[in-house]
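The values are calculated or read from the model by the stated rules, or taken from the named source; none is laboratory data. A quick note: this is a predicted structure, and the numbers were derived from the prediction, not measured. When we count neighbours, we look across all protein chains shown, and the Cβ atoms used for this are built from the backbone with ideal geometry, even at glycine. Protein only, heavy atoms only, side chains kept; ligands, DNA and RNA dropped before computing areas. Shrake-Rupley method; radii C 1.70, N 1.55, O 1.52, S 1.80 Å.
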Amino acid sequence: MQSISILPADTYIVVNKTVLHEEDRKILTMLYQPIIGYTAVSLYLTLIDDLDDLKRTSNDLTHHHLMSAMQLRLDDIMVAREKLEAIGLVKTYYKKGTVNNYVYLLYSPISANEFFNHPILNVVLYNNIGKKEYDKRQEIFKVPRIRLTDYVDISSSFNDVFKSSNIKPFEATLDIEKRDEGEIPLDEVIDFNLLISSIPTGLVSNRCFTDETKKLINSLALIYNIDTERMSGLIRTSLTEKGLIDKTLLRKNCRNYYQFDNAGKLPTLIYQKQPEYLKKPTGDASKWAKMVYTFENTTPYDYLRCKYKGAEPTKRDLQLIEELMIDQKLSPGVVNVLISYALKVNNQKLNRNYLETIAGQWKRLNIETVEEAMRVTEKEYKKMKKIATNTTKSKTVIKKNTKEEILPDWFDKDLQTSEATEEERKELDKIIDSIV
């Protein structure tokens with residue numbers, strides 16, 4: 001993805017590449033929203049509303065229009081747009097000029113049936129909302145089954161009703177609207193040349209590796225973190241007698257492999273690092289930047305395990321952190337900041353009520369980056385300290401043996417501007433190496 005600076009004055013038009021139905025809104029809010037969030041869904045619906053009366057194209061609009069309509073910062077809108085692009089609902093085209101121009105192509109969400117059978121979306125939805133809510137959503141989209149075994153099909157065929165006549169031939173029109181679903185853009189994580197060459201030709205059919213099958217293999221490799229060599233072995237155990245891949249069995253084998261290596265767990269957000277678009281640009285050598293880098297490039301699981309001195313964190317703590325990411329939709333790097341601060345101020349304990357209170361506040365403040373989390377924590381601490389100082393001054397007796405508060409390392413007014421010493425660099429590098 002090419003990073004391009006965008007301004008409120010930059011213009012855009014919306015082009016509808018599909019046919020949108022009322023059912024799509026239900027699919028967006030019930031299936032897509034738990035994955036991409038409310039803001040991204042809201043942006044998609046806002047772009048639909050920008051279309052003309054015939055729902056084909058919009059007029060030229062500015063991004064300031066979007067900011068006003070959604071009451072959001074442009075940075076937040078761009079993050080939401082990237083989520084729509086990543087999930088296959090929007091494609092963005094860009095033309096540079098005095099005022100830059102953008103074209104946003106809208107695509108339909110996939111059907112509920114495709115969603116619940118998707119190798120990535122299905123798993124992520126399950127982990128984001130839990131089994132109870134997942135089952136509810138499945139029930140909503142289920143089609144009732146009617147037993148027709150005692151019935152006879154008496155439907156008329158086309159030939160029974162219509163007869164051919166002598167009509168002048170005509171050319172079909174190609175530019176007619178159709179329903180067009182966008183695909184999730186995925187980088188290839190599997191080397192298919194290596195994969196295919198690693199399986200003896202006698203085991204597989206020539207029709208084994210179709211484009212559809214390759215797409216499934218790549219998706220499974222991504223969600224279950226499987227390399228080419230391991231995937232080759234899993235495919236061999238998923239072949240039918242005809243040398244074709246049993247897709248259901250391959251899904252099951254990949255899932256079982258992941259669970260075996262991860263103590264029965266399924267892929268979840270707790271094992272993910274901070275997304276690239278939310279990371280701080282590299283190049284800063286200050287101690288502040290080193291700490292930001294650590295939070296951004298470590299999964300909450302690894303960060304918590306580091307705090308356990310390399311031991312496996314308790315199920316209670318892991319579940320608590322996972323719930324914060326799923327329920328409050330906090331990004332992985334932000335969760336790391338929260339873990340660090342909570343442990344420091346609560347004598348190395350993760351208190352559920354305290355964590356949920358802070359997480360709720362950060363969600364309302366729309367905290368998404370590590371730096372935002374560090375700064376808001378520092379700001380809150382200074383505010384509390386000021387209140388405590390004023391209260392202390394009003395008292396006539398001051399306790400002399402006041403215990404010094406233990407604070408996170410970034411609570412230092414000179415931290416951002418000062419360069420890390422050689423000793424500090426070595427210590428931070430040691431921490432990063434132990435958890436990345």
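Quick notes on this one:
- For region 13-31, a tally of residues being charged (D, E, K, R) and either buried (at least 17 other Cβ atoms within 10 Å of the Cβ) or closer than 25 Å to Asn59 by Cβ (or both) returns 4.
For (1) surrounded by 12 or more Cβ atoms within 10 Å (Cβ to Cβ); (2) over 46 Å from the mean Cα position of the chain (by Cα); (3) closer than 19 Å to Arg25 by Cα, each residue gets a yes or a no:
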| site | (1), (2), (3) |
| --- | --- |
| Val123 | yes, no, no |
| Asn128 | yes, no, no |
| Lys131 | no, no, no |
| Arg137 | yes, no, yes |
| Phe141 | yes, no, yes |
| Arg145 | no, no, no |
| Asp153 | no, yes, no |
| Ser156 | no, yes, no |
| Asp160 | no, yes, no |
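- Residue ID - nearest to Leu125 (Cα to Cα), chosen from residues in region 277-333 that are polar (S, T, N, Q), open to solvent by less than 50 Å² (accessible area, probe 1.4 Å) and out of contact with any Cys (no Cβ under 9 Å at 6 or more places or on another chain): Ser331
- Residue count, region 183-238 (criterion: farther than 30 Å from Lys83 by Cβ, open to solvent by less than 40 Å² (accessible area, probe 1.4 Å) and either at pLDDT below 80 or of a type in the set (S, T, N, Q) (or both)): 3
- Residue, surrounded by the fewest Cβ atoms within 10 Å (Cβ to Cβ), within region 100-114, restricted to residues that are in contact with a helix residue (DSSP H, G or I) (Cβ under 7 Å, 6 or more places away or on another chain) and under 24 Å from Val15 (Cβ atoms): Ser108
- Just one of (1) open to solvent by 80 Å² or more (accessible area, probe 1.4 Å); (2) at pLDDT below 75; (3) at negative phi; (4) touching a helix residue (DSSP H, G or I) at 6+ places or on another chain (Cβ under 8 Å) fails for Arg352. It is (2).
- Residue ID - surrounded by the fewest Cβ atoms within 10 Å (Cβ to Cβ), chosen from residues in region 70-90 that are under 10 Å from Ile36 (Cα atoms) and of a type in the set (Gly, Ala, Ser): Ala86
- Those residues of region 112-167 which are more than 24 Å from Glu212 (Cα to Cα), in a loop (DSSP other than H, G, I, E, B) and of a type in the set (S, T, N, Q), in sequence order: Thr149, Ser155, Ser156, Ser157, Ser164, Ser165, Asn166
- Taking the criterion of being touching a Leu at 6+ places or on another chain (Cβ under 9 Å) and among the β-branched types (Val, Ile, Thr), the residues of region 315-344 that qualify are Ile321, Ile326, Val334, Val335, Ile339.
- Pairs linking a residue in region 74-101 that is within 17 Å of Glu368 (Cα to Cα) and touching a residue at least 60 places away in the same chain (Cβ under 8 Å) to a residue that is of a type in the set (D, E, K, R) and not in a helix (DSSP H, G or I), with Cβ atoms under 8 Å and 6 or more positions apart or on different chains, are Val79/Glu368.
- In region 50-65, the qualifying residues are those that are free of Cβ contacts under 8 Å to residues at least 40 places away in the same chain and within 24 Å of Thr98 (Cα to Cα), and the one that is most open to solvent (accessible area, probe 1.4 Å) is His65.
- Contact map, region 21-49: residues that are more than 14 Å from Lys329 (Cα to Cα) and charged (D, E, K, R) paired with residues that are open to solvent by 50 Å² or more (accessible area, probe 1.4 Å) and in a helix (DSSP H, G or I), Cβ distance under 9 Å, separation 6+ or inter-chain. Pairs shown: Lys26/Ile140; Asp49/Ala69.
- For region 1-50, filtering for residues that are assigned to a strand (DSSP E or B) and either in contact with a helix residue (DSSP H, G or I) (Cβ under 6 Å, 6 or more places away or on another chain) or under 16 Å from Met78 (Cβ atoms) (or both) leaves 3.
- Val41 touching a Ser or Thr at 6+ places or on another chain (Cβ under 9 Å) and open to solvent by less than 10 Å² (accessible area, probe 1.4 Å): yes
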